[in-house]
Amino acid sequence: MGQSYATPSKGGATPSKDRSSASTALATQGQQLPQKAGNQGVGSTLKGWWDKGTDWVGKKYDQASEAVSGAYNSVKETASDFADVYQNSDLSYKDGKFSASTDMDEVMDVLPASMREKLSLDKSLPSANKATLDVDTKTGKLSLKVPNLMLSSLNMGGVSAGKTRLGGVQLTIDNAGALAHDYAKKKAGSTVADMVFGKQQQAAGIDCTTSLKVATVLANDVSYAAEKMSAKQLELSGLDVSIFNKGGGLPGADAHPDQLQMNFSVGSAVVRGLSSPKNSAAELGISGLSGNLDQGKEIGDVSANRIHASGLVHDGNRLGSGQITDLSSHIDNKGGGLPLLDQQKDQLQTSGTVGALALQGLDSSRAKAGSARVEGLGWAQGQKTAISAKKAHVEDASSALGSVKSGDLGGIQAQVGDGSVSAGLAEGSLTGLDTKDVDASSLSLKNLDYQQGSSGKKLSLASAQASGLDAKGQKLGAASVQGLLATEGRDGQRSGS
């Protein structure tokens, strides 16, 4: 073509060129660039390419002038927000698709202002923060891949952190149909950024799907202000989040109401130095975490294969270490919006099951135990809170009621609420029982049931057997009871049989 292209030295300035002359020069090469009165978007971007573009950009333009012209015509106006990416990247265009390999600090320029303010890049490692950005102008789909993302700080979704390193990051924003709407309505001045990041598609009620995959994360000084939670370090792998926003554009990027449906999973996660107003842990780990949250329905489900913790403290009570396996829970947050993640006050009611719960070194103001294990645990919150368990085992346990060397319980049921209390035990056996009034070498129970409500209290027991029994200093040896029933009315009158 005979046109020369200036190549600026790295970090140096290049002579300024007149915007209109750049556009005119390209037009003489057979380009049919769109021109609008008062619209300098095309010229501005071309000026950036001519002024700061490298030699290979010019050559690429010569070789693919028709394709580039088609790109301009397809989007009506070159996306000025992408100018920095274009002039500092390995750029290509084919069949309505832009692709750029660049630095993340350039990509930051095309993100919505609300997102740019929440991320700060760590530029201490030159090899980090390299990105590949792909934009499909026909579908409004954007894909960003960063093998090694380093942040000096972040603040998103109420979560903030200091130095953070993410490996294998892949962000996809899909606004299918956004451009078709733009064409149909003949919106003037629409840019690629407009169509991807949530302007035109909102007016049309076009859906947006945002997905984020991260292979590894290492974050320091993490905090969640809404719950007054903080952690010294968070390490996780296999993060996969997908957010569908019905007619709401890019989630959280504007004033348009979101209707989020979220699916997420994490291969493994470890939190170190966890602290909150009532709870703390030296380490908390989760593996096989997955779930979904629905903002419109205000519900969610969460499951995990295994949760383990050490150095647990709750409300000043040392819980020692423990683990939970096979957790499955349902969250009802009616009146509270998106569970746990938005700015509304949560109204959480949960239900679920746990395969097994184990604790070691329990030392609280109410109870102590060398070890405890509960299997087949279930719970439900509503007008009443209910807890059940298939079986439980304790070693060296004590409370205000007394102590036991060991105990095995089965068929446990308890329910509290609406001014009533109920508890039941299908069977139980204790050894080394020591209480204020009664001691026993062993004690076994069958079908114990307790009820307390507005009408009074009732205790029933199908059978009980004891050996080595000592009641208030009276050595009774072995004893058994069948069909015990005791009641106490509202007036305090008692009866039994």
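Brief remarks on what is shown
- Check on residue 92, more than 31 Å from the chain's Cα centre (by Cα), of a type in the set (Gly, Ala, Ser) and at pLDDT 70 or above: yes
- Test: residue in region 352-359 that is of a type in the set (Ser, Thr, Tyr), farther than 16 Å from residue 294 by Cβ and part of a loop (DSSP other than H, G, I, E, B): no
- Taking the criterion of being among the β-branched types (Val, Ile, Thr), crowded, with 18+ Cβ neighbours inside 10 Å and at pLDDT 80 or above, the only residue of region 127-146 that qualifies is 146.
- Of all residues in region 411-431, those that are within 14 Å of residue 390 (Cα to Cα) have Cβ atoms under 6 Å from Cβ atoms of residues that are outside any loop (DSSP other than H, G, I, E, B) and of a type in the set (Asp, Glu), 6 or more apart or on another chain, in 424/449.
- Here the strands (runs of 3 or more DSSP E) wholly within region 277-336 that include at least 3 residues being of a type outside the set (Val, Ile, Thr), without any contact (Cβ under 8 Å) to a residue 24 or more places away in the chain and in contact with a Ser or Thr (Cβ under 8 Å, 6 or more places away or on another chain) are 299-314.
- Top-ranked residue of region 414-443 - restricted to ones that are of a type in the set (D, E, K, R) and crowded, with 16+ Cβ neighbours inside 10 Å, ranked as nearest to the chain's Cα centre (by Cα): 427
- Residue in region 115-126 that is at pLDDT below 85, under 18 Å from the mean Cα position of the chain (by Cα) and in a strand (DSSP E or B) present: yes
- Residue 491 vs. criteria more than 21 Å from residue 406 (Cβ to Cβ), surrounded by fewer than 10 Cβ atoms within 10 Å (Cβ to Cβ), of a type in the set (Asp, Glu) and under 53 Å from the mean Cα position of the chain (by Cα): yes
The rows are residues; the columns are (1) crowded, with 16+ Cβ neighbours inside 10 Å; (2) at pLDDT 95 or above; (3) not charged (D, E, K, R).
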position	(1), (2), (3)
344	no, no, yes
360	yes, no, yes
384	no, no, no
405	yes, yes, no
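- Restricting attention to region 312-342, the residues being touching a Lys or Arg at 6+ places or on another chain (Cβ under 6 Å) and crowded, with 18+ Cβ neighbours inside 10 Å number 0.
- Exactly one residue out of 391, 458, 446 is over 42 Å from the mean Cα position of the chain (by Cα) and free of Cβ contacts under 8 Å to residues at least 24 places away in the same chain, and it is 446.
- Summed over region 362-382, residues that are outside any strand (DSSP E or B) and surrounded by fewer than 16 Cβ atoms within 10 Å (Cβ to Cβ) total 3.
The values are calculated or read from the model by the stated rules, or taken from the named source; none is laboratory data. Worth saying up front: this structure is predicted, and the values here are computed from it rather than measured. In this analysis, Cβ positions are derived from the backbone assuming ideal geometry, glycine residues included, and neighbour counts consider all displayed protein chains.
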